[in-house]
Amino acid sequence: MLTMYASLHRIGEGDLRWKRKAIARGRLSRKFVDVLMTESDSSTTSRGNAIDQSHAPLHLAGRRFDYRRGGLVEAETSDDPFEVFATWLSDAIEACEGTAEEPHAMSLATVGVDGRPSIRTVLLKGFDRDGFVWFTNYESRKGTELAGSPHGALNFRWGALERQVSVLGTVARVPEAASDEYFALRPRGSQIGAIVSPQSQVLVSREPLELAAAELEAGPDSAIVRPKHWGGFCLNPDTIEFWQGRSSRLHDRLRYRRVASESVWVRERLAP
């Protein structure tokens, strides 16, 4: 293991002679080393399964960033994970003001009946003690996977604050009235998009989608109705973990775990 870490560090420095020796001795595969190649050795990208990085070398092994914005201390953190999340989300909204970042963006992971996971970014549209809510097409990949396996994972990453929140739990559809209410608040274009898009299905071209949208756009408002295949999901959490970056990779991790009573949470510190 120490040899591997030393190896990556030296690749980052561009020690080409050592790199070739490491390949010859079997310490690192050609494919792995080529992905971490330096600009001065870009010619190796033309061989095998290597990625051509001659136009923009990645220098991944040598990239470092030390987190120093703050810490996460039990004595200064609420026993209620939803209160902590509300504070952190508020901080993220303030930090992202005037930028292209969407502080309510979250990665959503689901799993299919074949056991293969998939992940995508969705937008948080509400949360309370019942869970975290987003809206989507029920016939999309995530919708069908959640129908078959109603468990999901969420991750919020706020780089400017050096923070992450990870949530695991059980997912269910929100009441239709809630989906109707939110759909009515969406911009007209977003409503039309939800109606005409067979999300996650293969399209021969973009043209039929645009024609269907244009037809609805030219029609009466009465035609703009929430389709039954579109609505909200709510993830009711079993665990909520708060991650705060710290110096030297000694990050703070506080996990809140729901126990027998739905209103009781156990807080525990995890090793970074």
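So which residues in region 69-86 are surrounded by fewer than 13 Cβ atoms within 10 Å (Cβ to Cβ) and either without any contact (Cβ under 8 Å) to a residue 12 or more places away in the chain or not in a loop (DSSP other than H, G, I, E, B) (or both), if there are any at all? Within region 69-86, Glu74, Ala75, Glu76, Glu83 qualify.
Taking residues in region 226-238 that are on the phi > 0 side of the Ramachandran plot, and partners anywhere that are basic (Lys, Arg) and in a strand (DSSP E or B), not one pair has Cβ atoms closer than 6 Å while being at least 6 places apart or on different chains. Looking only at residues that are aliphatic (A, V, I, L, M) and touching a Phe, Trp or Tyr at 6+ places or on another chain (Cβ under 8 Å) in region 184-237, which one is nearest to Asp130 (Cα to Cα)? Of everything passing the filter in region 184-237, Leu235 is nearest to Asp130 (Cα to Cα). Here is the figure for region 225-241: residues that are surrounded by fewer than 17 Cβ atoms within 10 Å (Cβ to Cβ) and farther than 18 Å from Val165 by Cβ total 4.
Across region 242-272, the qualifying residues are those that are crowded, with 19+ Cβ neighbours inside 10 Å and among the charged types (D, E, K, R), and the one among them that is farthest from Pro81 (Cα to Cα) is Arg246.
Read-outs throughout are calculated quantities, based only on the coordinates presented, and are distinct from any laboratory measurement. Keep in mind it's a predicted model, so treat the numbers as computed, not measured. We place every Cβ from the backbone using ideal geometry, glycine too, and count neighbours over all the protein chains shown.
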